[in-house]
Amino acid sequence: MHSHSPAPRRLPAPVKRILSLLPAHPGSRIFATVLNTAVSRHLPQDVRDALARRHLRLAVDDAALSFDFAWDGKGFVPCRKAGLPDLVIRATLHDFGLLAARKEDPDTLFFSRRLVMEGDTELGLLIKNTLDAIDGPLFDPAWLAPRQLLRQLHARRPGVARGRS
């Protein structure tokens, strides 16, 4: 991991405008599927219990996107945007990519105000420490191959978790 944090990269404004037109729920469903593929198997039972019915949001500020999701006891599921989430984690697309690839330390981004947590910071710390304990990169672009993604989407039972009001 890098010891210094270069200036943040941001998506160009025209790309942000286009992405902001995308509907939220399909993106949250895809994001929950990626989490299930990359992260679920690594979660100890105490973390699964702490995540139960907690509404989480990952906000990609420079892309005008956010993904709302929850843990339903079996895996991550998308949530409708209803009420305030228990925890919001926000950064740029580039910085989330650096985190997922383990090329940047979350503490470095946090202290440089490029990674922000809002809401239940104790839950945020639990998530951060759990992800830090996982060896290797969290994300492999091959997981986004259409066949892999469709297989994961179909493996989950239909339905939508409801966010807390």
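Taking the average, over residues, of other Cβ atoms within 10 Å as the packing measure, peptides 79-89, 39-49 rank 79-89, 39-49 from highest down. Magnitude of the charge dipole for region 47-89, about its Cα centre and with charges confined to Cβ atoms of Lys, Arg (+1) and Asp, Glu (-1), is about 220 debye. Neighbours of residue 66, meaning other residues whose beta-carbon lies under 10 angstrom from its beta-carbon, give a summed charge of +1 when Lys and Arg score +1 and Asp and Glu score -1.
Quick note: the coordinates plus some simple rules give every number you see, no bench work behind them. As the structure is a computational prediction, the values presented were derived from the model and not from experiment. Quick reminder, even Gly has a Cβ in these numbers, built from the backbone with ideal geometry, and neighbours come from all protein chains shown.
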